[in-house]
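A short worksheet on the structure shown next.
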Amino acid sequence: MGKRIIEVGVEDLVRAGLSVEEANGFQRDLKNAIFKASSVNNGQELFDPRELWRELTAQKLLKPWHPHPLHQLIYYSVYHNYDQSTNGPPIYWFPSLYQSKTTNLGCLMETHGPKLLGALYKDPIASFRQFHRFSVDHPEVYWSIVLDHLSINFLKAPKCILDSSDKSKHGGTWFPGSVLNIAECCLKSSNCPTKQDDSLVIVWRDEGCDDLDVRQMTLKELREKVMLVANALERKFSKGDAIAIDMPMTATAVIVYLAIVLAGFVVVSIADSFAAKEIATRLRVSKAKAIFTQDFIVRGGRRFPLYSRVVEASPYEAIVIPATGKDLLVQLRCQDLSWDDFLSSVRDLPSSNYYSPAYQPIDSVINILFSSGTTGDPKAIPWTQQSPMRCAADTWAHIDVQEGDIFCWPTNLGWVMGPIVLYSCFLSGATLALYHGSPLGTGFGKFVQDAGVTILGTVPSLIKTWKSTQCMDGLNWTKIRTFATTGEASNIDDDLWLSSKAYYNPIIECCGGTELASAYIQGNPLQPQAFAAFSSASMSTSFVILNENGIPYPDDQICVGEVGLFPLYMGATDKLLNADHEEVYYKGMPFYNGMQLRRHGDILKRTIGGFLVVQGRADDTMNLGGIKTSSIEIERICNEADDGILEAAVVSTPPPNGGPELLAVFVVLKEGMRPDPDMLKLKFSKAIQRNLNPLFKVSFVMIVPEFPRTASNKLLRRVLRDQLKQELNIRSKI
């Protein structure tokens with residue numbers, strides 16, 4: 001199972017991709033790092049693997065352009081004999097005290113920590129947990145401080161931060177009596193030097209224009225374009241109307257989004273990947289009056305129809321934007337408008353570039369988003385003006401989005417990350433970076449390089465594709481100081497590949513939900529980070545992990561169970577448009593410390609050192625031989641069992657005639673790989689028995705071309721479970 005780091009020789013380094021000359025130099029530097037990280041005890045030279053890895057990354061011995069096998073060799077050799085059961089997950093990133101004081105949260109703590117924590121306050125790293133606890137116990141104090149650091153301007157100030165007297169709401173009433181327009185907050189210049197009228201707020205590039213300059217838009221230009229669209233909207237619709245957006249997240253889509261909110265309408269978010277039936281469902285549930293869309297979607301050099309899907313889905317008016325050039329490539333219905341005709345109704349007015357915002361109470365709905373459910377109607381989740389404040393504050397604190405950052409996260413306004421990234425940039429003074437095309441290839445990576453992206457968000461399957469296709473080789477991503485990832489469970493080796501592209505800068509893991517407008521567990525720049533793990537609850541958030549009887553484990557106990565959120569959660573929903581909010585999130589949940597816990601559905605594992613690992617959803621747990629375990633835990637082991645595996649997915653089901661659940665591993669192979677299923681079954685069983693439980697056994701291996709996923713890329717284990725049941729039924733009849 002590999003070598004210890006002190007056993008790694010020149011020949012190993014050459015096999016990992018270095019030339020002999022490079023290998024000799026590398027080994028010399030490696031020995032020096034081992035010496036610096038070592039101490040002598042009873043005549044033996046010993047080193048803490050974490051300190052050695054800290055030394056290696058501080059020296060930048062491993063370069064972004066080094067072959068990935070070298071990064072693998074060094075990382076896994078450093079942690080070869082590392083005991084996670086005693087020490088917690090292996091650490092790959094360590095905050096320095098100097099760096100910590102330059103982060104948003106660190107600066108806030110240095111300013112307010114001594115007053116709020118007294119003698120308990122030492123510095124941002126040593127006192128993070130105490131400050132987090134303070135934010136939970138005194139959320140009204142924390143939020144009054146944090147919002148001062150964002151571009152939040154109330155027309156009418158709130159009576160208080162939190163009113164807990166309204167017992168009809170589990171989470172109380174936040175910012176009661178306040179009035180504002182959150183889109184106006186995004187568009188205003190401020191006293192800070194990086195949010196002036198001439199500040200860059202959006203940079204973008206169209207696919208296929210990879211050798212052209214990155215395009216740019218200033219705050220003044222954005223504001224004028226948004227106000228032009230807002231004027232056109234007001235001419236056609238009535239205040240409060242729901243207006244859908246079904247198009248890629250382009251600069252134009254962002255303008256339309258902000259204009260709808262600025263003018264007092266409600267955005268209906270629809271992902272551009274949906275079929276006509278799914279579009280129709282969302283339009284029906286939201287009662288949308290119109291829809292903004294494109295004629296086509298351009299991806300990977302190909303055109304995919306979008307307007308035709310909208311036509312099939314809806315009789316309502318569509319405003320259609322050309323994907324390329326100025327002219328539409330489709331024939332419009334009589335009730336539909338081209339983008340140019342829509343704007344022409346107000347373009348010649350002398351005041352077309354000015355619009356007086358529609359100010360509304362803070363709990364007014366501004367955006368309707370949808371869950372990615374696959375049975376029945378998806379949950380319609382209303383965002384109020386609190387929601388942007390929450391998501392922007394969390395990215396400010398945890399991902400450290402600062403004024404002047406260039407923030408890129410390939411996503412869509414139909415999914416929660418679209419609005420999160422939009423508000424996170426415009427409320428914190430960062431620049432939003434958009435690639436108008438597919439993020440799967442070199443074109444996207446070159447845009448990240450050329451735009452000087454400093455914060456890059458991803459989803460794990462995207463990282464896996466970049467790594468397996470090697471499409472980012474030769475690009476320079478060293479300006480990236482922070483990565484972020486969400487959407488599904490991360491893979492350790494894929495994260496190793498990603499972090500190495502920027503000298504092992506941190507990947508902030510985020511796990512939350514559309515109904516929370518944020519992540520409830522995240523990494524942060526003030527704590528050491530481990531691959532595929534979360535280091536803390538988000539600021540002001542508190543939760544417990546429940547055992548099988550619904551009783552919370554002690555906060556410091558190593559455990560696995562379903563998470564229960566405390567309901568004092570600023571920005572979280574208190575209603576659904578097409579479901580009973582109380583039943584969905586509270587029914588059947590236990591009371592703790594005088595409050596009924598809020599359901600979220602995740603199974604969490606708490607490790608030594610307080611790290612958190614998502615073990616899947618409550619409905620993805622399996623009972624194998626009377627032992628409950630999660631799909632994700634077994635999938636992590638299977639993904640590393642054979643080099644030919646691109647991705648594994650695990651499900652179980654009882655046989656048709658009853659009996660213990662049978663474990664099946666579905667496998668997508670890397671291109672060109674053809675391993676034997678029986679051989680894989682043996683490998684999987686041995687790896688699971690060695691690393692997880694000696695009683696577990698794989699019954700079936702099924703090789704498939706791809707996994708079924710929701711449009712937001714979440715794995716549909718339910719569909720795989722149905723396939724397994726069908727296969728077992730067929731076999732039982734033979």
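Every read-out reported here was derived from the displayed coordinates using simple, explicitly stated rules and does not represent laboratory data. Keep in mind that this is a model prediction, so the values were computed, not measured. Every residue, glycine among them, receives a Cβ derived from its backbone with ideal geometry; neighbour counts consider all protein chains shown.
Observations
- The residue among LEU73, LEU62, VAL10 whose Cα reaches farthest toward the positive pole of the charge dipole of segment 5-82, with charges on the beta-carbon of Lys, Arg, Asp and Glu, is LEU62.
- Relative contact order for segment 5-82: 37 percent, from Cα pairs under 8 Å spaced at least 6 residues apart, divided by residue count.
- Sorted by Cβ density within 10 Å, fewest first, the residues ASP198, ASP473, ASP12: ASP198, ASP473, ASP12
- Projecting the Cα atoms of VAL365, LEU222, PHE531 onto the charge dipole of the chain, computed from C-beta unit charges around the Cα centre, puts VAL365 farthest toward the positive end.
- Sorted by Cβ neighbour density within 10 Å, fewest at the top, the residues HIS149, HIS68: HIS68, HIS149
- Put in order of Cβ neighbour count within 10 Å, fewest first, the listed residues HIS398, HIS80, HIS436 become HIS80, HIS436, HIS398.
- Calculated [222 nm] ellipticity per residue, helices only, for the chain: -10000 deg cm²/dmol; basis is -39500 (n - 2.57) per DSSP H run with n ≥ 4, divided by all residues, nearest 500.
- FRET efficiency for LEU61 and TYR553, using Cβ-Cβ distance with R0 set to 51 Å, rounded to 0.05: 0.80
- Here the dipole of the chain is about 760 debye; that uses its Cα centre as origin and unit charges on the Cβ of Lys and Arg (positive) and Asp and Glu (negative).
- Option label - percent of Cα pairs over 46 Å apart computed here, alternatives (i) 37; (ii) 29; (iii) 21: (iii)
- Fully extending the segment from ASN693 to LYS239 would add 157.5 nm, taking 0.36 nm per residue of separation and subtracting the current Cα-Cα distance.
- Note on segment 160-206 and segment 513-577: Cα centroid distance 24 Å, given to the nearest whole angstrom.
- Charge tally for VAL179 (other residues, Cβ to Cβ under 11 Å; Lys, Arg +1; Asp, Glu -1): 0.
- DSSP finds beta bridges in the chain, and of those with both partners inside it, around 60 percent are antiparallel.
- Note on LYS188: lysines with a C-alpha under 19 Å away, same-chain residues under 8 apart excluded, are LYS156, LYS220, LYS225.
- Contact order relative to length of segment 558-614, as percent, for alpha carbon pairs under 8 angstrom and 6 or more apart: 46
- If R0 is 35 Å, the Cβ-Cβ spacing of ASP29 and CYS107 corresponds to a FRET efficiency of close to 0.50.
- Of the residues ALA618, ASN639, PHE666, the one whose Cα sits farthest toward the positive end of the charge dipole of segment 614-689, with +1 on the Cβ of Lys and Arg and -1 on the Cβ of Asp and Glu, is ALA618.
- Cβ-defined net charge surrounding ALA271, 15 Å radius [Lys, Arg +1; Asp, Glu -1]: +4
- Net charge dipole size for segment 5-82 [Lys, Arg +1 and Asp, Glu -1 on Cβ; Debye, nearest 20]: 220
- Model label points for GLU583 and LYS670, set 7 angstrom from Cα along the Cα-to-Cβ axis, are 4.9 nm apart.
- Inter-label distance, ALA276 to LYS156: 4.6 nm, where each label sits 7 Å from its Cα along the C-beta direction.
- The chain - percent relative contact order, Cα under 8 Å, separation 6 or more: 11
- Assigned charges on the beta-carbon of Lys, Arg, Asp, Glu; segment 127-239 dipole about Cα centre (debye): 600
- Residue pairs, from the table LYS169/LYS605; LYS501/LYS681; LYS36/LYS60; LYS446/LYS479, whose Cα atoms sit over 24 Å apart: LYS169/LYS605; LYS501/LYS681
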